[in-house]
Amino acid sequence: MLRVGVCEDDPGLRRALRSALEHDGHEVVMTHTGAEAVVALGTAAALDVIVMDIGLPDADGRDVCQALQAGGQAAPVLFLTALGAQHERLAGFGAGADDYVSKPFDIKELLARIAVLGRRGRQLRPQDDQAGLALDPARHSLRTASAEVALSPTEFRMLAAIAARPGEVVRRRTVVAAAWPDGAVVSDNTVDSLMRRLRSKLDEVGAPSVIETVRGLGYRLVRVEEDASP
């Protein structure tokens, strides 16, 4: 049995997914908006797999995925969506997806893919070093315990890509892939400018972590007390 988190806004499809998953012996945590998913499918949910629709009523499912991963949720994510073009699929993988199924789909194939992801998810260790940040995909904002600041969609996706792996070096190209559509031409100056703005906003809300540049590689999010930069 797997514990599967689902975020899907279509009532009929929600019922079909719940029925199929429960018939297969799985436990289901069902949500229908991005805001609900961030709360119900967070790290406390102890999930094996997440099935995420992209076209949610209040947020882009890719942003919800990034917010969950930035908060420490390590369960593999399968995007379930009508957006099946290649650039859409690549954007989904750039946002942290492990698999991608386009609507309409065969329920037996979907269940098989969920089973494969579930086996993989149970081999993952939970993240011990959390960033201490909360990203809101509906409001495109960054929150700490005492303050909140608005982020542009691009800033949100850049920060989420880095915060999903606290303490690790995230390659610059990985950050760019998460924040811009596939094939977009992005100058180094643009990335550097947005990174300066992100650092300023982290400081503005008194975030417990800072973004450290690892020369020639990328970026790392570290706790303020662990920041060894001069």
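We did not get these values from a lab; they are worked out from the coordinates using the rules stated. Only a predicted model underlies this, so the values are computations on that prediction, with no experimental measurement involved. Quick reminder, even Gly has a Cβ in these numbers, built from the backbone with ideal geometry, and neighbours come from all protein chains shown.
Please give the contour-minus-distance gain from Phe93 to Ser146: 0.36 nm per residue of separation, less the Cα-Cα distance, rounded to one decimal in nm.
Separation in residues times 0.36 nm, less the Cα-Cα distance, equals 15.8 nm.
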*How far is it, in nm, from the label point at Asp10 to the one at Ala184 when both lie 7 Å from their Cα along the line to the Cβ?*
2.7 nm
*May I ask for the angle, rounded to the nearest 10°, between helix 107-121 and the longest principal axis of the chain, with both axes built from Cα atoms and the value confined to 0 to 90°?*
40 degrees
_For region 134-226, what does the relative contact order come out to in percent, with C-alpha contacts under 8 Å and a separation of six or more?_
30 percent
_Relative contact order for the chain: what percent, with Cα pairs under 8 Å and sequence separation of 6 or more?_
17 percent
*With contacts defined as alpha carbon pairs under 8 Å and 6 or more residues apart, what's the relative contact order of region 3-121 in percent?*
24 percent
*Please give the per residue volume of the convex hull enclosing the alpha carbon atoms of the chain, rounded to a whole number of Å³.*
118 Å³
*0 to 90° range, to nearest 10: angle between helix 188-204 axis and the chain longest Cα axis*: 90 degrees
*Using label points projected 7 Å from each Cα along Cα→Cβ, tell me how many nm separate Val214 and Lys108, to one decimal.*
4.5 nm
*Mind listing the phi-derived Karplus ³J(HN,Hα) values for region 69-81, rounded to whole Hz, using 6.51, -1.76 and 1.60 with θ = phi - 60°, and x for any glycine or proline?*
5, 5, x, x, 6, 9, 5, x, 10, 10, 7, 10, 7
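Shape verdict for region 134-226, please, from the Cα gyration tensor: rounded (a/c under 1.5), prolate (a/b greater than b/c) or oblate.
Oblate is the answer for region 134-226, as a/c is 1.5 or above yet b/c matches or exceeds a/b.
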_Within-13-Å neighbourhood charge of Val101 [Cβ basis; K, R +1; D, E -1]_ = -3
*asked:* Explain nothing, just compute: Karplus ³J(HN,Hα) = 6.51 cos²θ - 1.76 cosθ + 1.60, θ = phi - 60°, for every residue of region 140-154 in order, whole Hz, x for Gly and Pro.
replied: 6, 9, 10, 10, 10, 5, 10, 7, 9, 9, 6, 10, 6, x, 5
*Jot down the radius of gyration and Dmax of region 3-121, Cα atoms only, both in angstrom.*
12.6, 35
*For the chain, with only Lys/Arg (+1) and Asp/Glu (-1) charged at the beta-carbon, what is the dipole magnitude about the Cα centre, in debye rounded to 20?*
440 debye
_I'd like to know which of Gly34, Val77, Gly12 lies farthest towards the positive end of the charge dipole of region 3-121, counting +1 on Cβ of Lys and Arg and -1 on Cβ of Asp and Glu._
Val77
